[in-house]
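The values are calculated or read from the model by the stated rules, or taken from the named source; none is laboratory data. These figures come from a predicted structure and were not determined experimentally. Glycine also receives a Cβ, built like all others from the backbone with ideal geometry; neighbour counts cover every protein chain displayed. Just the protein is used for accessible areas: all its heavy atoms, side chains included, with ligands, DNA and RNA removed. Shrake-Rupley method; radii C 1.70, N 1.55, O 1.52, S 1.80 Å.
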Amino acid sequence: MDSANLAAAWLSFAATAVGLGGLIQQASAINEQLDPFHATRTVEYLGVWFQRQAAFPWWKMAKPPPQGPVIVARMSDGFGGVNVLHVTRIPLTPPGRAGWSTILAMFNHEKPVLHYGGGVVRDDADVDIAEKGGRVSVSSTTSADSRAFASSASWIHLDRKALKRYQSHACVTISRTTLITMLVVTNGRPVFQYSDATGFRAGYASYCGQWYITWPIGQEAIVKFAAHDSIGQTEVLPRSFAQRVDRCGQMVSGVVSSPSSSNFAVGFGGRKAAGSYRLEHAAKGFQGAHSGRHLYNMLGGKAFQVDFMSARPISEDEMAAAVGASNSSEIEIESGSESGIVLNLPSKDNKFDISVRMLVPPHEESVIKQALDCLPWTNLSWSMHRGLRDILLAYAKPVMDAHRAQLASLLLRTVAKHPEVLRSRGWDPEFVRDNMGPMASSAVLAGSGNSGDSVRVVTDIVAVYVGDWDIARLDEVSFWRTLEGARRNSSSPSSSSSREREVELELDAQGVVALTKVFVLEWSQEFDYQLYHHLPISMYFA
(Lines give C-alpha, C1' and ligand atoms only; values in the text may rest on other atoms or scores of the structure.)
Protein backbone atom coordinates (compact mmCIF):
# COMPACT_ATOMS: atom_id res chain seq x y z
CA MET A 1 0.00 0.00 0.00
CA ASP A 2 2.79 2.40 0.92
CA SER A 3 4.56 1.62 -2.34
CA ALA A 4 1.41 2.38 -4.32
CA ASN A 5 0.92 5.72 -2.53
CA LEU A 6 4.55 6.65 -3.09
CA ALA A 7 4.33 5.85 -6.80
CA ALA A 8 1.12 7.87 -7.12
CA ALA A 9 2.75 10.82 -5.37
CA TRP A 10 5.74 10.73 -7.70
CA LEU A 11 3.50 10.45 -10.76
CA SER A 12 1.49 13.40 -9.53
CA PHE A 13 4.66 15.43 -9.00
CA ALA A 14 5.96 14.50 -12.45
CA ALA A 15 2.69 15.46 -14.10
CA THR A 16 2.66 18.74 -12.23
CA ALA A 17 6.28 19.45 -13.21
CA VAL A 18 5.59 18.64 -16.85
CA GLY A 19 2.53 20.83 -16.82
CA LEU A 20 4.33 23.73 -15.20
CA GLY A 21 7.23 23.31 -17.61
CA GLY A 22 4.85 23.46 -20.54
CA LEU A 23 3.18 26.56 -19.15
CA ILE A 24 6.55 28.23 -18.55
CA GLN A 25 7.67 27.34 -22.07
CA GLN A 26 4.50 28.75 -23.58
CA ALA A 27 4.79 31.85 -21.42
CA SER A 28 8.41 32.27 -22.51
CA ALA A 29 7.43 31.96 -26.16
CA ILE A 30 4.68 34.53 -25.70
CA ASN A 31 7.09 36.78 -23.80
CA GLU A 32 9.62 36.49 -26.63
CA GLN A 33 7.03 37.67 -29.10
CA LEU A 34 6.00 40.52 -26.84
CA ASP A 35 9.63 41.63 -26.31
CA PRO A 36 9.98 44.99 -28.10
CA PHE A 37 13.62 44.11 -28.90
CA HIS A 38 12.81 40.61 -30.20
CA ALA A 39 14.01 41.32 -33.77
CA THR A 40 17.05 43.34 -32.70
CA ARG A 41 18.35 41.17 -29.86
CA THR A 42 20.22 38.94 -32.31
CA VAL A 43 23.84 38.50 -33.39
CA GLU A 44 22.79 39.47 -36.92
CA TYR A 45 21.69 42.88 -35.69
CA LEU A 46 24.08 43.60 -32.81
CA GLY A 47 27.20 41.96 -34.22
CA VAL A 48 29.96 41.60 -31.64
CA TRP A 49 27.82 43.44 -29.08
CA PHE A 50 25.53 40.40 -28.91
CA GLN A 51 28.25 38.62 -26.92
CA ARG A 52 28.40 41.47 -24.41
CA GLN A 53 24.84 41.25 -23.17
CA ALA A 54 24.32 40.40 -19.51
CA ALA A 55 23.09 36.89 -18.75
CA PHE A 56 19.30 36.74 -18.38
CA PRO A 57 18.03 34.90 -15.26
CA TRP A 58 15.65 32.09 -16.14
CA TRP A 59 13.21 32.93 -13.39
CA LYS A 60 12.47 36.42 -14.74
CA MET A 61 9.71 36.85 -17.27
CA ALA A 62 10.44 40.27 -18.79
CA LYS A 63 13.80 40.76 -20.45
CA PRO A 64 15.65 44.04 -19.89
CA PRO A 65 16.61 46.08 -22.98
CA PRO A 66 19.89 45.02 -24.61
CA GLN A 67 22.99 47.04 -23.78
CA GLY A 68 24.89 49.23 -26.24
CA PRO A 69 27.97 51.47 -26.05
CA VAL A 70 27.95 55.08 -24.91
CA ILE A 71 29.39 56.91 -27.93
CA VAL A 72 30.84 60.36 -27.25
CA ALA A 73 33.08 62.18 -29.73
CA ARG A 74 34.35 65.71 -30.06
CA MET A 75 37.49 67.58 -31.04
CA SER A 76 38.87 68.09 -27.53
CA ASP A 77 38.31 64.53 -26.25
CA GLY A 78 38.58 62.36 -29.35
CA PHE A 79 36.28 59.48 -30.22
CA GLY A 80 35.61 57.45 -27.09
CA GLY A 81 38.59 59.17 -25.51
CA VAL A 82 40.90 58.31 -28.43
CA ASN A 83 42.28 61.07 -30.68
CA VAL A 84 44.14 59.01 -33.32
CA LEU A 85 41.76 56.57 -34.97
CA HIS A 86 42.81 53.86 -37.40
CA VAL A 87 39.93 53.81 -39.86
CA THR A 88 39.03 50.93 -42.15
CA ARG A 89 36.35 50.88 -44.83
CA ILE A 90 35.92 47.14 -44.40
CA PRO A 91 34.74 46.36 -40.82
CA LEU A 92 37.29 44.28 -38.95
CA THR A 93 34.82 42.75 -36.49
CA PRO A 94 31.33 41.40 -37.25
CA PRO A 95 29.38 44.66 -37.48
CA GLY A 96 25.78 43.50 -37.50
CA ARG A 97 23.06 45.58 -39.13
CA ALA A 98 23.07 48.44 -36.63
CA GLY A 99 24.79 51.56 -37.93
CA TRP A 100 26.46 52.30 -34.59
CA SER A 101 27.88 48.78 -34.51
CA THR A 102 29.22 49.19 -38.06
CA ILE A 103 30.98 52.49 -37.36
CA LEU A 104 32.59 51.05 -34.23
CA ALA A 105 33.90 48.17 -36.34
CA MET A 106 35.51 50.71 -38.69
CA PHE A 107 37.05 52.97 -36.03
CA ASN A 108 39.97 51.35 -34.20
CA HIS A 109 42.15 52.90 -31.54
CA GLU A 110 45.07 50.59 -32.31
CA LYS A 111 46.61 49.83 -35.65
CA PRO A 112 44.93 46.62 -36.82
CA VAL A 113 46.48 43.17 -36.68
CA LEU A 114 44.89 41.58 -39.72
CA HIS A 115 44.52 37.87 -40.48
CA TYR A 116 44.41 36.70 -44.06
CA GLY A 117 43.88 33.05 -44.76
CA GLY A 118 45.28 31.92 -41.43
CA GLY A 119 48.32 34.21 -41.56
CA VAL A 120 48.94 37.26 -39.46
CA VAL A 121 49.45 40.67 -41.08
CA ARG A 122 50.59 43.26 -38.54
CA ASP A 123 50.37 46.92 -39.52
CA ASP A 124 49.22 45.96 -43.03
CA ALA A 125 52.79 44.94 -43.84
CA ASP A 126 52.89 41.35 -45.09
CA VAL A 127 50.82 41.61 -48.23
CA ASP A 128 52.19 38.42 -49.80
CA ILE A 129 49.57 36.39 -47.98
CA ALA A 130 46.91 39.08 -48.10
CA GLU A 131 43.81 38.21 -50.01
CA LYS A 132 42.64 40.80 -52.49
CA GLY A 133 39.22 42.11 -51.57
CA GLY A 134 36.86 40.07 -49.51
CA ARG A 135 36.10 40.74 -45.86
CA VAL A 136 38.99 40.77 -43.45
CA SER A 137 38.50 38.51 -40.48
CA VAL A 138 40.07 38.67 -37.05
CA SER A 139 40.50 35.41 -35.23
CA SER A 140 40.48 35.48 -31.45
CA THR A 141 42.27 32.15 -31.22
CA THR A 142 45.22 32.59 -33.58
CA SER A 143 47.50 34.51 -31.25
CA ALA A 144 47.70 36.77 -28.23
CA ASP A 145 48.12 39.70 -30.63
CA SER A 146 44.84 38.95 -32.37
CA ARG A 147 43.04 38.61 -29.04
CA ALA A 148 44.37 42.01 -27.99
CA PHE A 149 43.28 43.53 -31.28
CA ALA A 150 39.82 41.98 -31.13
CA SER A 151 39.43 43.63 -27.75
CA SER A 152 40.64 47.05 -28.88
CA ALA A 153 38.93 47.10 -32.25
CA SER A 154 35.51 46.45 -30.76
CA TRP A 155 35.68 49.16 -28.06
CA ILE A 156 35.08 46.81 -25.17
CA HIS A 157 36.18 49.50 -22.71
CA LEU A 158 33.30 51.86 -23.51
CA ASP A 159 30.57 52.39 -20.93
CA ARG A 160 27.28 50.67 -21.74
CA LYS A 161 23.72 51.79 -21.55
CA ALA A 162 20.32 50.30 -22.39
CA LEU A 163 19.44 50.68 -26.06
CA LYS A 164 16.39 52.69 -27.04
CA ARG A 165 13.78 51.22 -29.33
CA TYR A 166 12.58 53.50 -32.10
CA GLN A 167 10.42 52.09 -34.88
CA SER A 168 12.15 48.81 -35.77
CA HIS A 169 15.59 49.89 -34.56
CA ALA A 170 17.62 49.43 -31.39
CA CYS A 171 19.40 52.75 -31.02
CA VAL A 172 22.11 54.41 -28.98
CA THR A 173 21.64 58.05 -28.06
CA ILE A 174 24.24 60.49 -29.40
CA SER A 175 24.64 64.26 -29.37
CA ARG A 176 24.76 66.45 -32.45
CA THR A 177 28.40 67.17 -31.59
CA THR A 178 29.18 63.45 -31.79
CA LEU A 179 27.37 63.19 -35.13
CA ILE A 180 29.27 66.11 -36.69
CA THR A 181 32.56 64.68 -35.40
CA MET A 182 31.86 61.29 -36.99
CA LEU A 183 30.84 62.98 -40.24
CA VAL A 184 34.08 64.94 -40.58
CA VAL A 185 36.29 62.01 -39.50
CA THR A 186 34.76 59.93 -42.33
CA ASN A 187 35.15 62.88 -44.77
CA GLY A 188 31.42 63.46 -45.11
CA ARG A 189 29.96 65.84 -47.68
CA PRO A 190 26.33 66.83 -48.23
CA VAL A 191 24.41 65.07 -51.00
CA PHE A 192 20.94 66.40 -50.26
CA GLN A 193 19.28 68.45 -47.55
CA TYR A 194 15.60 69.34 -47.18
CA SER A 195 13.85 71.33 -44.49
CA ASP A 196 10.12 71.84 -44.94
CA ALA A 197 6.76 71.37 -43.21
CA THR A 198 7.34 67.64 -42.78
CA GLY A 199 10.68 68.05 -41.00
CA PHE A 200 14.36 67.80 -41.83
CA ARG A 201 16.08 65.22 -44.02
CA ALA A 202 19.69 65.05 -45.14
CA GLY A 203 22.07 62.61 -46.76
CA TYR A 204 25.86 62.71 -46.52
CA ALA A 205 28.25 60.67 -48.61
CA SER A 206 31.52 59.83 -46.90
CA TYR A 207 34.68 57.86 -47.52
CA CYS A 208 33.44 55.08 -45.24
CA GLY A 209 29.77 54.92 -46.19
CA GLN A 210 26.42 56.71 -46.41
CA TRP A 211 24.89 58.81 -43.61
CA TYR A 212 21.19 59.60 -43.42
CA ILE A 213 19.55 62.04 -40.98
CA THR A 214 15.77 62.24 -40.54
CA TRP A 215 13.89 64.46 -38.12
CA PRO A 216 10.12 64.37 -38.77
CA ILE A 217 8.01 67.09 -37.19
CA GLY A 218 6.97 66.08 -33.68
CA GLN A 219 9.15 62.94 -33.61
CA GLU A 220 12.64 61.92 -32.63
CA ALA A 221 15.60 62.60 -34.90
CA ILE A 222 17.27 59.42 -36.15
CA VAL A 223 20.67 58.87 -37.78
CA LYS A 224 21.51 55.86 -39.93
CA PHE A 225 24.82 54.70 -41.37
CA ALA A 226 25.52 52.09 -44.04
CA ALA A 227 28.95 50.94 -45.19
CA HIS A 228 29.81 51.01 -48.88
CA ASP A 229 28.80 47.90 -50.79
CA SER A 230 31.24 48.56 -53.66
CA ILE A 231 34.49 47.64 -51.88
CA GLY A 232 35.66 44.09 -52.44
CA GLN A 233 37.69 42.33 -55.07
CA THR A 234 39.22 45.53 -56.47
CA GLU A 235 40.50 46.92 -53.15
CA VAL A 236 44.22 47.66 -53.46
CA LEU A 237 44.74 50.21 -50.66
CA PRO A 238 46.10 49.52 -47.18
CA ARG A 239 43.31 48.28 -44.93
CA SER A 240 43.57 51.15 -42.47
CA PHE A 241 44.70 54.77 -42.28
CA ALA A 242 45.10 57.19 -39.38
CA GLN A 243 42.71 60.06 -38.71
CA ARG A 244 43.16 62.66 -35.97
CA VAL A 245 39.88 63.76 -34.45
CA ASP A 246 41.19 67.08 -33.16
CA ARG A 247 42.59 68.16 -36.54
CA CYS A 248 39.36 67.19 -38.32
CA GLY A 249 37.45 69.37 -35.85
CA GLN A 250 39.75 72.31 -36.40
CA MET A 251 39.50 72.19 -40.18
CA VAL A 252 35.69 72.06 -40.22
CA SER A 253 35.62 75.02 -37.82
CA GLY A 254 38.01 77.08 -39.97
CA VAL A 255 40.90 77.09 -37.49
CA VAL A 256 44.61 76.49 -38.13
CA SER A 257 47.07 76.26 -35.25
CA SER A 258 50.79 75.72 -34.89
CA PRO A 259 51.87 72.43 -33.27
CA SER A 260 55.14 74.04 -32.13
CA SER A 261 53.80 77.30 -30.72
CA SER A 262 50.78 78.03 -28.58
CA ASN A 263 50.89 81.64 -29.81
CA PHE A 264 49.56 80.85 -33.30
CA ALA A 265 45.95 79.81 -33.75
CA VAL A 266 43.80 81.64 -36.28
CA GLY A 267 40.23 81.25 -37.45
CA PHE A 268 38.86 82.34 -40.83
CA GLY A 269 35.52 83.89 -41.69
CA GLY A 270 32.94 82.39 -44.02
CA ARG A 271 32.19 83.30 -47.61
CA LYS A 272 30.96 86.79 -48.35
CA ALA A 273 28.45 88.31 -50.73
CA ALA A 274 29.79 89.80 -53.93
CA GLY A 275 31.76 92.98 -53.30
CA SER A 276 35.06 94.37 -52.07
CA TYR A 277 36.56 93.63 -48.67
CA ARG A 278 39.73 94.13 -46.65
CA LEU A 279 41.10 91.19 -44.68
CA GLU A 280 41.87 92.18 -41.09
CA HIS A 281 43.66 90.21 -38.41
CA ALA A 282 42.11 90.51 -34.93
CA ALA A 283 44.14 89.12 -32.03
CA LYS A 284 42.00 86.72 -29.96
CA GLY A 285 38.99 87.84 -32.00
CA PHE A 286 37.50 84.46 -32.89
CA GLN A 287 35.16 84.53 -29.89
CA GLY A 288 33.36 87.50 -31.46
CA ALA A 289 33.06 85.88 -34.89
CA HIS A 290 29.93 84.32 -36.34
CA SER A 291 31.58 81.88 -38.78
CA GLY A 292 32.68 78.56 -37.21
CA ARG A 293 33.02 79.88 -33.66
CA HIS A 294 29.85 78.18 -32.37
CA LEU A 295 30.90 74.81 -33.77
CA TYR A 296 34.45 75.23 -32.45
CA ASN A 297 33.11 75.80 -28.94
CA MET A 298 30.66 72.89 -29.26
CA LEU A 299 33.52 70.60 -30.24
CA GLY A 300 35.40 71.53 -27.08
CA GLY A 301 37.64 74.25 -28.47
CA LYS A 302 38.43 77.52 -26.70
CA ALA A 303 37.52 80.24 -29.17
CA PHE A 304 38.84 82.98 -26.89
CA GLN A 305 42.37 81.67 -27.49
CA VAL A 306 42.12 81.99 -31.29
CA ASP A 307 42.85 84.99 -33.53
CA PHE A 308 40.41 85.87 -36.29
CA MET A 309 40.76 86.91 -39.93
CA SER A 310 37.70 89.07 -40.55
CA ALA A 311 36.57 90.65 -43.82
CA ARG A 312 35.60 94.31 -43.55
CA PRO A 313 33.52 95.70 -46.46
CA ILE A 314 35.18 98.57 -48.33
CA SER A 315 33.93 100.78 -51.12
CA GLU A 316 34.95 100.47 -54.73
CA ASP A 317 36.77 103.80 -54.37
CA GLU A 318 38.86 102.39 -51.51
CA MET A 319 39.66 99.28 -53.52
CA ALA A 320 40.56 101.34 -56.57
CA ALA A 321 42.84 103.51 -54.49
CA ALA A 322 44.50 100.41 -53.02
CA VAL A 323 45.20 98.85 -56.41
CA GLY A 324 46.19 102.13 -58.05
CA ALA A 325 42.96 102.47 -60.04
CA SER A 326 44.20 99.79 -62.45
CA ASN A 327 42.72 96.45 -63.42
CA SER A 328 45.78 94.59 -62.20
CA SER A 329 44.95 92.60 -59.10
CA GLU A 330 48.55 91.97 -58.06
CA ILE A 331 50.35 95.01 -56.68
CA GLU A 332 53.89 95.17 -55.38
CA ILE A 333 53.81 97.46 -52.32
CA GLU A 334 56.57 98.63 -50.06
CA SER A 335 56.55 96.98 -46.63
CA GLY A 336 54.39 98.98 -44.26
CA SER A 337 52.06 100.30 -46.98
CA GLU A 338 48.35 100.40 -46.29
CA SER A 339 47.66 98.27 -49.37
CA GLY A 340 48.62 94.76 -50.36
CA ILE A 341 47.59 91.98 -52.71
CA VAL A 342 44.07 91.25 -53.94
CA LEU A 343 42.53 87.78 -53.96
CA ASN A 344 39.49 86.95 -56.10
CA LEU A 345 37.19 84.58 -54.19
CA PRO A 346 33.83 82.81 -54.67
CA SER A 347 30.71 84.50 -53.35
CA LYS A 348 28.43 82.87 -50.80
CA ASP A 349 25.48 82.97 -53.23
CA ASN A 350 27.25 81.01 -55.95
CA LYS A 351 30.60 79.31 -55.46
CA PHE A 352 31.22 79.44 -59.21
CA ASP A 353 30.81 83.23 -59.23
CA ILE A 354 34.25 84.70 -58.48
CA SER A 355 32.91 88.10 -57.50
CA VAL A 356 34.50 88.76 -54.11
CA ARG A 357 37.65 90.92 -54.18
CA MET A 358 39.65 90.58 -50.97
CA LEU A 359 42.39 93.09 -50.24
CA VAL A 360 45.10 91.42 -48.15
CA PRO A 361 47.51 93.83 -46.38
CA PRO A 362 51.11 92.73 -45.74
CA HIS A 363 50.54 91.68 -42.11
CA GLU A 364 47.51 89.57 -43.01
CA GLU A 365 49.51 88.01 -45.85
CA SER A 366 52.13 86.87 -43.33
CA VAL A 367 49.36 85.24 -41.28
CA ILE A 368 48.12 83.40 -44.41
CA LYS A 369 51.67 82.16 -45.07
CA GLN A 370 51.99 80.79 -41.56
CA ALA A 371 48.56 79.17 -41.81
CA LEU A 372 49.63 77.40 -45.02
CA ASP A 373 52.82 76.20 -43.34
CA CYS A 374 50.86 74.95 -40.31
CA LEU A 375 48.13 73.09 -42.17
CA PRO A 376 47.93 69.68 -40.47
CA TRP A 377 49.11 66.59 -42.30
CA THR A 378 46.40 64.10 -43.21
CA ASN A 379 45.96 60.85 -45.10
CA LEU A 380 42.50 61.75 -46.37
CA SER A 381 40.82 64.82 -47.81
CA TRP A 382 39.16 67.19 -45.36
CA SER A 383 35.53 68.03 -44.71
CA MET A 384 36.33 71.65 -44.18
CA HIS A 385 35.27 75.22 -43.62
CA ARG A 386 34.76 76.82 -47.03
CA GLY A 387 36.01 80.29 -46.02
CA LEU A 388 39.32 78.84 -44.87
CA ARG A 389 39.63 76.77 -48.04
CA ASP A 390 38.82 79.68 -50.36
CA ILE A 391 41.47 82.07 -49.00
CA LEU A 392 44.28 79.54 -48.66
CA LEU A 393 43.67 78.09 -52.12
CA ALA A 394 43.43 81.51 -53.80
CA TYR A 395 46.74 82.52 -52.24
CA ALA A 396 48.58 79.23 -52.91
CA LYS A 397 47.29 78.31 -56.36
CA PRO A 398 49.81 80.25 -58.53
CA VAL A 399 52.75 78.70 -56.68
CA MET A 400 51.08 75.29 -56.84
CA ASP A 401 50.51 75.69 -60.58
CA ALA A 402 54.16 76.63 -61.07
CA HIS A 403 55.31 73.43 -59.35
CA ARG A 404 52.47 71.11 -60.36
CA ALA A 405 54.33 69.28 -63.13
CA GLN A 406 57.45 69.04 -60.97
CA LEU A 407 55.49 67.53 -58.06
CA ALA A 408 53.73 65.08 -60.38
CA SER A 409 57.06 63.94 -61.82
CA LEU A 410 58.51 63.53 -58.33
CA LEU A 411 55.64 61.24 -57.34
CA LEU A 412 56.25 59.04 -60.39
CA ARG A 413 59.95 58.75 -59.58
CA THR A 414 59.31 57.96 -55.91
CA VAL A 415 57.00 55.06 -56.75
CA ALA A 416 59.51 53.68 -59.25
CA LYS A 417 62.36 54.04 -56.75
CA HIS A 418 60.66 52.64 -53.60
CA PRO A 419 58.11 49.99 -54.60
CA GLU A 420 59.15 47.68 -51.76
CA VAL A 421 58.57 50.42 -49.17
CA LEU A 422 55.06 51.09 -50.49
CA ARG A 423 54.40 47.35 -50.55
CA SER A 424 55.47 47.10 -46.92
CA ARG A 425 52.96 49.85 -46.08
CA GLY A 426 50.11 47.65 -47.30
CA TRP A 427 49.70 48.65 -50.96
CA ASP A 428 48.89 45.93 -53.47
CA PRO A 429 52.14 44.97 -55.31
CA GLU A 430 50.52 44.90 -58.74
CA PHE A 431 48.90 48.28 -58.15
CA VAL A 432 52.23 49.78 -57.06
CA ARG A 433 53.99 48.38 -60.11
CA ASP A 434 51.45 49.35 -62.78
CA ASN A 435 49.10 52.08 -61.57
CA MET A 436 50.11 53.95 -58.43
CA GLY A 437 52.56 56.44 -59.94
CA PRO A 438 50.41 57.48 -62.93
CA MET A 439 47.34 57.75 -60.70
CA ALA A 440 49.13 60.09 -58.28
CA SER A 441 50.60 62.17 -61.10
CA SER A 442 47.22 62.56 -62.81
CA ALA A 443 45.56 63.61 -59.55
CA VAL A 444 48.11 66.39 -58.96
CA LEU A 445 47.89 67.61 -62.55
CA ALA A 446 44.07 67.63 -62.43
CA GLY A 447 44.05 70.55 -60.00
CA SER A 448 40.91 69.44 -58.15
CA GLY A 449 38.74 66.40 -57.62
CA ASN A 450 36.66 64.33 -55.26
CA SER A 451 38.40 61.07 -54.46
CA GLY A 452 39.61 59.99 -51.05
CA ASP A 453 41.56 57.16 -52.67
CA SER A 454 43.58 59.60 -54.80
CA VAL A 455 44.44 61.67 -51.73
CA ARG A 456 45.57 58.56 -49.85
CA VAL A 457 47.75 57.55 -52.81
CA VAL A 458 49.47 60.95 -53.07
CA THR A 459 49.99 61.51 -49.35
CA ASP A 460 51.43 58.05 -48.79
CA ILE A 461 53.90 58.47 -51.65
CA VAL A 462 55.04 61.78 -50.15
CA ALA A 463 55.37 60.12 -46.73
CA VAL A 464 57.70 57.58 -48.34
CA TYR A 465 59.61 60.36 -50.12
CA VAL A 466 60.39 62.30 -46.91
CA GLY A 467 61.35 59.12 -45.09
CA ASP A 468 61.48 59.27 -41.31
CA TRP A 469 59.61 62.55 -40.75
CA ASP A 470 57.32 62.31 -37.75
CA ILE A 471 53.84 63.80 -37.68
CA ALA A 472 54.96 66.99 -35.89
CA ARG A 473 57.48 67.70 -38.63
CA LEU A 474 54.88 67.05 -41.32
CA ASP A 475 52.39 69.32 -39.55
CA GLU A 476 54.58 72.42 -39.70
CA VAL A 477 57.00 73.43 -42.43
CA SER A 478 58.55 76.79 -43.32
CA PHE A 479 58.10 76.77 -47.10
CA TRP A 480 55.64 79.65 -47.43
CA ARG A 481 57.29 81.90 -44.88
CA THR A 482 60.63 81.63 -46.65
CA LEU A 483 59.20 82.00 -50.16
CA GLU A 484 60.19 85.40 -51.54
CA GLY A 485 57.97 87.72 -53.50
CA ALA A 486 54.65 86.02 -52.73
CA ARG A 487 52.58 88.64 -54.54
CA ARG A 488 50.12 87.01 -56.87
CA ASN A 489 46.56 86.39 -57.91
CA SER A 490 45.30 83.36 -59.77
CA SER A 491 42.76 85.30 -61.84
CA SER A 492 45.38 87.50 -63.55
CA PRO A 493 47.14 85.56 -66.33
CA SER A 494 49.98 88.05 -66.67
CA SER A 495 50.73 88.21 -62.97
CA SER A 496 50.41 84.46 -62.58
CA SER A 497 52.86 83.77 -65.39
CA SER A 498 55.38 86.20 -63.93
CA ARG A 499 54.91 84.60 -60.54
CA GLU A 500 55.47 81.14 -62.00
CA ARG A 501 58.73 82.26 -63.58
CA GLU A 502 59.80 83.64 -60.22
CA VAL A 503 59.20 80.46 -58.25
CA GLU A 504 60.35 77.81 -60.73
CA LEU A 505 62.92 76.36 -58.37
CA GLU A 506 63.76 72.80 -57.45
CA LEU A 507 61.46 71.60 -54.68
CA ASP A 508 63.05 70.42 -51.46
CA ALA A 509 61.33 68.15 -48.94
CA GLN A 510 59.74 71.14 -47.18
CA GLY A 511 58.26 72.34 -50.45
CA VAL A 512 56.98 68.88 -51.38
CA VAL A 513 55.16 68.55 -48.06
CA ALA A 514 53.78 72.11 -48.25
CA LEU A 515 52.43 71.67 -51.78
CA THR A 516 51.00 68.25 -50.92
CA LYS A 517 48.93 69.99 -48.26
CA VAL A 518 47.71 72.40 -50.96
CA PHE A 519 46.83 69.39 -53.12
CA VAL A 520 44.73 68.04 -50.24
CA LEU A 521 42.95 71.41 -50.03
CA GLU A 522 42.17 71.20 -53.76
CA TRP A 523 40.63 67.76 -53.29
CA SER A 524 38.78 68.49 -50.04
CA GLN A 525 35.03 68.96 -49.66
CA GLU A 526 33.09 71.89 -48.31
CA PHE A 527 31.08 71.07 -45.20
CA ASP A 528 28.11 72.92 -43.76
CA TYR A 529 29.69 73.95 -40.48
CA GLN A 530 26.32 75.33 -39.33
CA LEU A 531 24.58 71.96 -39.67
CA TYR A 532 23.94 71.99 -35.92
CA HIS A 533 21.20 74.61 -36.48
CA HIS A 534 19.08 71.89 -38.12
CA LEU A 535 19.60 69.25 -35.42
CA PRO A 536 18.29 68.63 -31.89
CA ILE A 537 20.67 68.40 -28.95
CA SER A 538 20.43 64.59 -28.91
CA MET A 539 19.23 62.01 -31.41
CA TYR A 540 18.96 58.29 -31.97
CA PHE A 541 21.72 56.45 -33.87
CA ALA A 542 20.11 53.36 -35.39
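Dipole size of the stretch 362-450 about its Cα centre, with +1 on Lys/Arg Cβ and -1 on Asp/Glu Cβ: approximately 120 debye, rounded to the nearest 20. Which residues in the stretch 79-101 have a backbone N closer than 14 Å to a point placed 7 Å from the Cα of Gln51 along the Cα-to-Cβ line? Counting backbone N atoms under 14 Å from the label point, the list is 92-96.
The slack between Leu6 and Asp35, meaning 0.36 nm per residue of separation minus the straight C-alpha distance, is 6.2 nm.
The H on the amide N of Tyr166, modeled in the peptide plane, is under 5 Å from the matching H of Cys171, each at least 5 residues off or on a different chain. Accessible surface computed residue by residue for the stretch 339-428, with neighbouring protein chains in place and a 1.4 Å probe, gives 32 Å² per residue.
The distance between label points at Arg473 and Ala446 comes to 3.1 nm (points 7 Å beyond Cα on the Cα→Cβ vector). Fully extending the segment from Val43 to Ser355 would add 106.7 nm, taking 0.36 nm per residue of separation and subtracting the current Cα-Cα distance.
Which entries of Lys111/Lys351; Lys284/Lys348; Lys272/Lys397 show an alpha-carbon separation above 30 angstrom in the structure shown? Flagged as over cut-off: Lys111/Lys351. With θ taken as phi - 60° and the Karplus curve 6.51 cos²θ - 1.76 cosθ + 1.60 applied, the whole-hertz 3J(HN,Hα) list for the stretch 419-428 is x, 5, 5, 5, 4, 5, 8, x, 7, 4 Hz, x standing for glycine and proline. Peptides 512-524, 165-177, 214-226 ordered by packing proxy, namely the average of other Cβ atoms within 10 Å per residue, highest first: 512-524, 165-177, 214-226.
Given a Förster distance of 41 Å, report the FRET efficiency between Glu420 and Ser538 from their Cβ-Cβ distance, rounded to the nearest 0.05.
Values: r = 50 Å, r/R0 = 1.22.
Between Glu420 and Ser538 the formula returns 0.25.
Label-point separation (nm) for Arg481 and Ala162, each offset 7 Å from Cα along Cα-to-Cβ? Going from the Arg481 label point to the Ala162 one covers 5.6 nm. Note on Ala321 and Leu507: with the Förster distance fixed at 30 Å, the Cβ-Cβ geometry gives a FRET efficiency of about 0.20.
Taking amide H as placed 1.01 Å from N in the peptide plane, Phe200 has its amide H under 5 Å from the amide H of Trp215, Ile217, each at least 5 places away in sequence or on another chain.
Here the stretch 204-239 is scanned for amide nitrogen atoms under 12 Å from the site 7 Å beyond the Cα of Phe192 along Cα-to-Cβ, giving 204, 213. Taking θ as phi - 60° and the Karplus parameters 6.51, -1.76 and 1.60, the scalar couplings of the stretch 82-89 work out to 10, 8, 9, 9, 9, 9, 10, 8 Hz in sequence order, x denoting glycine and proline.
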